[in-house]
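Remarks on the structure that follows.
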Amino acid sequence: MPNDRIAASVPQPADAIAEVQHISKSFTTDGHERVVLQDISLAINFGEVVAVLGPSGCGKSTLLRILTGLVSATSGAVLCHGQPLHGLHPGAAIVFQNFALYPWLTVHDNVRVGVHRKGLTPTDEAERIRHAIDLVGLEGFEEAYPKELSGGMKQRVGIARAFVGGPEILCMDEPFSALDVLTAESLRSEVYGLWSRGDLGLKSMLLITHLIDEAVFLADRIVILGANPGCIREVVMNPLPHPREYRDSAFVALVDEIHELVTQIHLPERPIAPPTAAPVPEPVPFVQVGEIIGLLAVVHDHGDHINIFELATRLRLELGHVLLAINAAELLDLVDTPKQEVLLTALGREFLAAGDANTRKRIFHRQLRKVPTFAFLVERLRAAPKLHLPAEIVQEELAMHLPNEPPQPLFDTVVTWGRYAELLGYDPATQTVYLDVESTAGPMDGLRA
């Protein structure tokens, strides 16, 4: 990505409706601190749509909540029109992924929540509510309750509630992800139509999304987050004129460019550790063994190779989760990922061709021992009394080496993979992790034929 593109995207503070400067955010769970966002600076300017793009777990929603004042930053500055933000951003409205409607209120009263404490006269309030409901095409449903509405209609209520207060910045947190494809596309176009009218007082939009096509369709500036911890990895300016067409060659080219960026960020080439280096724990993708095996089967069904983004479409899964499964399979040398392709390795084909579950387990066992996190745990357990360690100690060891990983999902994933491979065992009654009997020999002798 050329540096001039990133430089051109740097906002001018004087223009910023909402801004964060060098903010970080961490949470403490079970005594372990996890850094979710680290050293992020971002401004939302007048007259632009900004999309924050990244897989689940990278801190996108947390960033939105910090910008709007719903969540405080652990460090750094949060500004509103260049001044420190105290409490909620007065000009922000949010459309949530899960609709966030009050089930006991009618459509009219749910929209009315958006003008609470605005100090309007009853006449002005009624007119605003009527106008907002009209904007989203819900006339005639004013007295309906959420249970009577489809998903698309519920989100229309959420959009009307956001617009009724006359916001200057509309923040949308994956607003279309809970909808079917056709309804999502219809609403996406309608939201852009409302933004482009220019007579609603709306000055900017912030979109949180994991869909590249959605970001390219709506945004003028696309901010790509890395994960663990969340940080800005790339900023891409979108020069495409409106209206944008998904099949337009320039649209497809920009989508492909961002595809490649996302792949490089979330599926980087793995450095080969020196063979004499002591094992040091590394992050493990939080996916189930069955998901890894299912991924291999789908790739095999497509001739042992498939485009990453076509794979996500065929699996009907969020791209972020598919990337985690690919990362896990690559960690075990079962697939390779040149550019945007997923290829079964010879070992991956051998794994799928195995005639019984035990053969697959033996391959998984052999590969797991090469993963630094598991090699580290094997060494620790070999040195432990009776090859057992309390689960609490294992969690502490992992948290110490991987402070940015949530400790419980990390522990659960390690135990699940270890159990499947018959490398590690876990006794829930005593809450201890132990080395499987097959793993008590030396590094090579312990590998079963």
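A few points about this structure:
- Averaged per residue, the range 249-396 has 49 square angstrom of accessible surface, using a 1.4 angstrom probe with ligands and nucleic acids left out.
- Dividing the summed helix terms, -39500 (n - 2.57) for each DSSP H run of n ≥ 4, by the number of residues in the chain produces a 222 nm estimate of -12500 deg cm²/dmol to the nearest 500.
- Surface accessible to a 1.4 Å probe, residue 291 within the full protein complex, Å²: 70 Å²
- For residue 127, solvent-accessible area (1.4 Å; no DNA, RNA or ligand), Å²: 90 Å²
- Distance cut-off 18 Å, percentage of C-alpha pairs in the range 269-391 lying past it: 56 percent
- Counting charges near residue 390 (Lys, Arg +1; Asp, Glu -1) among other residues having Cβ under 13 Å from its Cβ returns a value of -2.
- Rounded percent of accessible protein surface that carbon and sulfur make up, the chain, 1.4 Å probe: 54 percent
- Förster radius 51 Å - calculated FRET efficiency between residue 121 and residue 383, Cβ distance, rounded to 0.05: 0.10
- Exceeding the 29 Å Cα-Cα cut-off - candidates 25/386; 147/203; 361/386; 25/339; 118/203: 25/386; 147/203; 25/339
- Ranked order, 336, 39 - accessible area, probe 1.4 Å, largest first: 39, 336
- Counting only protein chain heavy atoms and rolling a 1.4 Å probe, the accessible areas of 128, 369, 65 rank, largest first, as 128, 65, 369.
- Remark: C-alpha extents of the range 230-327 on the principal axes read 55, 33, 21 Å, sorted largest to smallest.
- Per-residue SASA remark: residue 370, around 130 Å² accessible (1.4 Å probe; ligands, DNA and RNA not included).
- Divide the volume of the convex hull around the Cα atoms of the range 187-276 by the residue count and you get 121 Å³ per residue.
- Solvent-accessible ranking of 401, 116, 259, largest area first, probe 1.4 Å: 116, 401, 259
- Counted by Cβ distance under 13 Å from residue 105, the other residues give a net charge of 0, where Lys and Arg count +1 and Asp and Glu count -1.
- Estimated FRET transfer efficiency (residue 247, residue 199; beta-carbon r; R0 45 Å; 0.05): 0.90
- Read-out Rg/Rh (Cα atoms, Kirkwood Rh), derived from the coordinates shown; its label in (1) 1.03; (2) 0.96; (3) 0.99: (1)
The values are calculated or read from the model by the stated rules, or taken from the named source; none is laboratory data. On a predicted model such as this, the values are computed, not experimentally measured, just so you know. Cβ coordinates were reconstructed from backbone atoms using ideal geometry, including for glycine residues, and neighbour counts include every protein chain displayed. Calculation scope for accessible area: heavy atoms of the full protein, side chains included, ligands and nucleic acids excluded. Shrake-Rupley method; radii C 1.70, N 1.55, O 1.52, S 1.80 Å.
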